[in-house]
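The values are calculated or read from the model by the stated rules, or taken from the named source; none is laboratory data. These figures come from a predicted structure and were not determined experimentally. All Cβ positions, even for glycine, are placed from backbone atoms using ideal geometry, and neighbour counts span all protein chains on display. With ligands, DNA and RNA removed, areas are computed over all heavy atoms of the protein, side chains included. Shrake-Rupley method; radii C 1.70, N 1.55, O 1.52, S 1.80 Å.
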Amino acid sequence: MNVAGHWDVVVAGGRIAGAATAWALAPYAERILVVDASRADTFWAQQSTWDRAGNLEWDALGLLDTVLACGAPRTFGHDFRTGNEVVEHHYPQGDDYGFRMSVPREVLDPALMQTAESRGNVTVVRPARVRDIVRTNGRVTGATVRTADGDQPVTSDLLVLADGRRSRNATDLGAQPYRTVRSPWAAMLAYYEDLPLPTDRAYFSMGGASILIATPCGKNQWCIASDVHFEVHGSTGEHPAGAYTRLVHEEPLLGPAVAQGRRTTPIAGAGRLRMLRRPMTGPGWALVGDSGYHLDPVTAQGTRAALTTTRLLRDRVAAHGQIAGLDLDGLTGERDAALDEAWDETEQICRA
């Protein structure tokens, strides 16, 4: 596909933050290009989870109907087990947003991208990637897009990086992290079917240095995720996937449930992550999602954080009325202020 030429906005990354940004900026642009490096059959060892605050962000972006249509049950409470004690928690029912949802990324991300493309002025190219960013008089004015057809030059009024916490493009821009926290957790997950578990509640089980979370996330589908402190792996020599399997089968509720159902995906995840904050904007560029603000998944607030950065960028563009000539100063401070509570909570758990 030939993408060479000028675009109002070029978005690097087509997952939650990238797709939501393309959707949100489309009313203010003539042409938006989304470049995503993944393939359609990619399995992401990640789950998207959010609560009332996330529902409000989806709604503010006009995407709540899209995520509800993904088919995941709404949960209105959870059970929390510590030792032999199980405490029931119920979520407030006072408005239309007081529920929690968990959606596999293989379902959510394509749905968001399809919605963005429905705008009519959003073009998606995958697999492809943005590289070799071009500056003119200190301002980003374009890049090279590498596709299956070769390298193609593009110019833009705004380059948005939504290409993840390890974004090389952000590093190339000089957007160095100015606050970081190393995580002691290994996060693993897998998906299951036919579990004899309730579909309207989640389940948390906390041990001395680990936590298990089971959430319904589709028709007859559950995600079971774990966070295990690296001290456990260091003392036992256990591989994170092995620790995950052992913890799930030893858990009083989940063990018997898993024995009656079946696992449908590999056990996968990541460890030794690093929370980070980078500057959100610069001349001609912006960072949304994990590329500029990455929270450890232990508190399940990454989706909400990604949507918040997208909304802040959208609101700035909306106030200006168009992409060209956009002033992005001050967005870093607005983002940090909006997400300080989530950062502090996650940092506290990582340092505990």
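Solvent-free Debye calculation, one equal scatterer per alpha-carbon of the chain: log10 I(q)/I(0) at 0.09, 0.13 Å⁻¹ equals -0.50, -1.01. Ranking Trp185, Ala209, Val103 by Cα position along the charge dipole of the chain, where only Lys, Arg, Asp and Glu carry charges on their C-beta atoms, puts Trp185 farthest toward the positive end. Once both labels are positioned 7 Å from their Cα atoms along Cα-to-Cβ, the gap between Gln260 and Ala148 label points is 4.5 nm.
Carbon and sulfur: what percent of region 2-70's accessible surface (1.4 Å probe)? Heavy-atom surface of region 2-70 belonging to carbon and sulfur, 1.4 Å probe: 46 percent.
The C-alpha atoms of the chain define a longest principal axis, and helix 331-351 lies at about 20 degrees to it.
Using θ = phi - 60° in the Karplus curve 6.51 cos²θ - 1.76 cosθ + 1.60, the 3J(HN,Hα) couplings for region 109-118 round to 4, x, 5, 5, 5, 4, 5, 4, 5, 5 Hz; x is entered for Gly and Pro.
Secondary-structure-derived ellipticity at 222 nm for the chain, considering helices only, amounts to -9000 deg cm²/dmol, per-run term -39500 (n - 2.57) for DSSP H runs with n ≥ 4.
How tilted is helix 302-320 with respect to the longest principal axis of the chain? Cα atoms for both, answer in degrees (0 to 90, nearest 10). Rounded to the nearest ten degrees, it is 30. Taking each residue as 0.36 nm, the span from Met206 to Thr155 lengthens on full extension beyond its C-alpha to C-alpha distance by 13.3 nm. Label-to-label distance for Asp79 and Arg274 is 4.1 nm, based on points extended 7 Å past Cα in the beta-carbon direction.
Full extension of the chain between Arg168 and Thr199 gives 7.1 nm of extra length, using 0.36 nm per residue less the Cα-Cα distance. In terms of the Cα gyration tensor, with a ≥ b ≥ c the square roots of its eigenvalues, is region 68-120 rounded because a/c is under 1.5, prolate because a/b exceeds b/c, or oblate? Oblate is the answer for region 68-120, as a/c is 1.5 or above yet b/c matches or exceeds a/b.
Heavy-atom surface analysis with a 1.4 Å probe gives region 219-352 a carbon and sulfur content of 49 percent of its accessible area. A 1.4 Å probe, protein heavy atoms only, puts the accessible area of Thr136 near 70 Å².
A simple spin-label model places pseudo-atoms 7 Å from Cα toward Cβ; at Gln114 and Asp336 they are separated by 4.0 nm. What's the center-to-center distance, using Cα atoms, between region 304-352 and region 183-208 in Å? Rounded to whole Å, the Cα centres lie 29 Å apart. Per residue, the accessible area of the chain comes to 44 Å² when a 1.4 Å probe rolls over the protein heavy atoms. Computed extension length for Asp132-His90: 10.1 nm, one decimal, from 0.36 nm per residue of separation with the Cα-Cα distance subtracted.
Working note: Karplus 6.51/-1.76/1.60 with θ = phi - 60° gives region 322-330 the couplings 6, 7, 4, x, 6, 9, 9, 4, x Hz, where Gly and Pro are set to x.
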